[in-house]
1. Select one label from (1) 161, 54, 52; (2) 172, 107, 59; (3) 126, 59, 37: the one whose number is Cα extents along the principal axes in Å as derived from the coordinates shown.
2. Which residue, chosen from Leu92, Gly253, Cys148, occupies the Cα position most advanced towards the positive end of the dipole of the chain, where the dipole is computed from +1 (Lys, Arg) and -1 (Asp, Glu) charges on Cβ about the Cα centre?
3. Points 7 angstrom from Cα along the Cβ direction at Asn650 and Asn135: gap in nanometres?
4. Could you sort 55-67, 355-367, 539-551 so that the peptide with the highest average Cβ count within 10 Å comes first and the rest follow in order?
5. Quick one: check the C-alpha center-to-center distance for region 269-323 versus region 142-167, whole angstrom.
6. Over the heavy atoms of Phe337, what accessible area does a 1.4 Å probe trace out, to the nearest 10 Å²?
7. If you project the alpha carbons of region 520-672 onto the principal axes, what extent comes out on each, in Å, largest first?
8. Counting other Cβ atoms within 10 Å of each Cβ, which GluC sites (Glu not before Pro) in region 116-160 have at most 13 and sit in a DSSP loop?
Amino acid sequence: MRNDETEQEEIWRTSQLEAANKELSSEIEIRKKTEEKLLKERDNFLKIFSAVPMGILLLDCDKSIVHANQAIYSTNLRNPTEVIGRLVGGGLGCIHSLETNKGCGFSDSCPACPLRQGIEQVVKEKKQIHGAEMNLNLLINGKFEDRCLSVSAEPIDIEGHLHVIVAIDDITDRKKTEEALIESEKRLSTILETEPECVKILNLEGKLEYMNPAGLNMIGADNLDEVLGQSVLPLVNEEYRKPFTELFVETLGGGGGKLEFKVTGLKGKSIWLETNSVPLRLKNEEITGVLGITRDITDRKKTEKKLKKSLSLVTATLESTVDGILVVDKKRRVRRFNKRFVELWRISDSVLSTREDEKLLASVLEQLSDPDSFLTKVEDLYLTNDESFDVVDFKDGRIFEFYSRPQELDGKNIGRVWSFRDVTKRKKAEEALKESKSKLEELNATKDKLFSVIAHDLRSPFNSIIGFSDLLIENIQDFGEEERKEFLRIINSSAKNTLSLLDNLLNWAKTQTGKIIFKPEKITLSTIIQEIIEISNSIANLKNIQLNHIQSDEIEIYTDENIVKTVLRNLISNAIKFTEIGGSVNVSAVAKQNHVEITISDNGVGMNDETRKMLFDMSTNMTSTGTENETGSGLGLVLCKEFMDKLGGNIWVESELGKGSDFKFTIPFKAH
């Protein structure tokens with residue numbers, strides 16, 4: 001029985017050993033495969049490490065080179081085996097590693113070394129750096145060269161030890177290329193910036209991608225951002241847009257060409273341009289846009305126009321000039337004359353048909369008051385090279401001016417050119433000029449009269465203010481409360497009227513000198529009307545006049561707020577002035593198709609047609625006293641008329657004597 005137990009135990013142990021051996025064999029097999037895999041991965045890594053075109057160094061924690069790939073040769077022209085075991089600076093051939101016998105890290109310049117600082121940062125902080133550009137002086141082929149390196153570094157743990165893997169890309173040539181490109185771009189930019197002709201680039205959609213300062217100046221743009229990405233077609237005058245577009249399309253198709261066209265710049269200036277367009281191509285010949293070289297030919301166009309006009313005048317002078325032209329050679333033979341000469345001298349067809357100079361001369365002389373004197377002057381002129389200007393009298397009372405000068409060819413006198421002009425019409429023109437002068441003097445007199453009226457109208461309210469204020473100062477105890485209030489009311493009213501007159505005077509002066517600045521903005525009309533009504537209520541209350549704002553829909557317009565306020569203030573003040581005590585003034589606004597119409601309606605004294613026609617005329621000096629003897633200069637309505645002209649609106653009055661007045665004015669929704 002005991003032997004059986006022993007045998008069973010041995011069998012169990014044997015099975016256990018076999019199982020353990022099998023498990024061990026399996027583990028060995030797995031480890032072997034793992035090691036083979038690791039060796040293969042290591043071999044692949046080393047192949048990748050060596051094949052990478054960028055120089056790669058594996059450093060230990062002391063910054064010594066443990067491994068270097070073949071590409072490191074492109075950086076310092078050293079075999080990778082030569083740099084293993086060296087400190088990184090010595091391995092790369094840094095100039096400072098050769099300054100001492102101890103090598104890299106011991107020169108006075110080493111603490112400031114960007115490569116050393118970067119690697120120490122990676123070791124200390126265990127953080128990577130990527131793409132740091134560093135300038136180092138390296139020994140290459142026996143010569144020290146300044147090189148620009150792009151360095152990336154990352155900490156890596158190898159068998160429990162900290163290492164640093166460093167990737168080095170020599171970007172010296174790239175930097176030089178970039179610098180050369182930048183310099184080239186600067187030179188090109190300088191050329192473009194100083195080029196007197198417009199250089200522009202349009203993309204495939206016709207949008208502006210570039211335009212030099214000369215071009216921006218041509219179209220009135222303050223800077224490139226103002227027009228970048230926009231089409232230039234809207235600037236081209238409408239009649240030239242089709243050929244401009246056709247040239248653009250043709251250029252995109254590989255053609256190109258030249259075009260003269262007219263543009264209106266952003267600031268409203270109109271100029272002539274000539275453009276040469278060529279396709280903008282990439283290296284693969286793909287067309288990416290249009291390059292246009294454009295010059296301002298406005299002066300040339302003006303010159304051409306003048307030349308054409310001059311040629312036209314030369315060609316047509318003999319037939320179209322108001323003067324009678326006669327060309328006579330040295331032998332006194334008539335070479336040419338125009339129709340006007342025939343008309344002025346009333347030469348008959350029978351004389352002309354003979355083509356005989358003697359008969360032509362006889363026909364001329366027989367019309368003159370003193371033919372002998374005229375003939376003597378003519379003969380004397382043929383003996384000189386002088387120019388001559390004189391007059392000749394006709395028997396029928398006409399007077400001609402005539403001018404004569406030598407006709408020269410190659411510096412030689414070959415005859416004379418005569419021009420004759422009937423000055424009868426000019427005398428009429430001189431009379432018209434005198435009349436214009438008289439009107440101008442009348443206008444100046446009107447201005448003088450205006451200032452005289454203003455001086456009088458300013459003096460009157462000031463006299464009132466000073467007189468009543470003196471009474472209050474000197475005799476205040478003698479007046480009761482109501483009397484003092486009445487004096488103060490008069491002083492206040494006079495002061496307000498004077499201020500209004502001064503405002504009108506200053507505004508009128510500004511309109512005459514062009515100093516009124518037009519500042520359009522979006523305004524709500526009802527708000528403006530209500531504001532002026534509230535301001536005007538103090539004056540209306542003095543006459544117990546009801547000021548009403550007839551409300552309507554909110555109306556917004558784009559115009560000058562101050563001008564609108566001035567016009568409203570003057571018209572409401574005028575309505576109050578000519579409305580009886582206890583009356584009413586209504587203000588309303590109605591939106592029309594393109595404008596708003598504002599009406600200031602009163603039930604005052606009204607006016608006749610004669611007065612109505614003179615209201616807005618400065619030269620008439622139309623002034624009237626109000627229902628309470630209020631005075632005025634008449635300047636307010638004149639100012640309103642000039643302001644409406646400036647806003648592009650109209651102003652008029654509808655009135656009947658004794659039935660009140662409706663003063664109306666219009667303002668465009670958007671003033672120009």
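1. (2)
2. Going by the Cα projections, it comes out as Gly253.
3. Those two pseudo-labels are separated by 7.6 nm.
4. With the highest mean Cβ count within 10 Å placed first, the list reads 55-67, 539-551, 355-367.
5. 65
6. Roll a 1.4 Å probe over it and Phe337 shows about 50 Å².
7. The Cα atoms of region 520-672 stretch 39, 34, 23 Å along their principal axes.
8. Listed in order of number, the matching sites are Glu159.
The values are calculated or read from the model by the stated rules, or taken from the named source; none is laboratory data. Since the structure is predicted, the reported quantities are computational estimates derived from the model, not experimental observations. Every residue, glycine among them, receives a Cβ derived from its backbone with ideal geometry; neighbour counts consider all protein chains shown. Heavy atoms of the whole protein, side chains included, go into the accessibility calculation; ligands, DNA and RNA do not. Shrake-Rupley method; radii C 1.70, N 1.55, O 1.52, S 1.80 Å.
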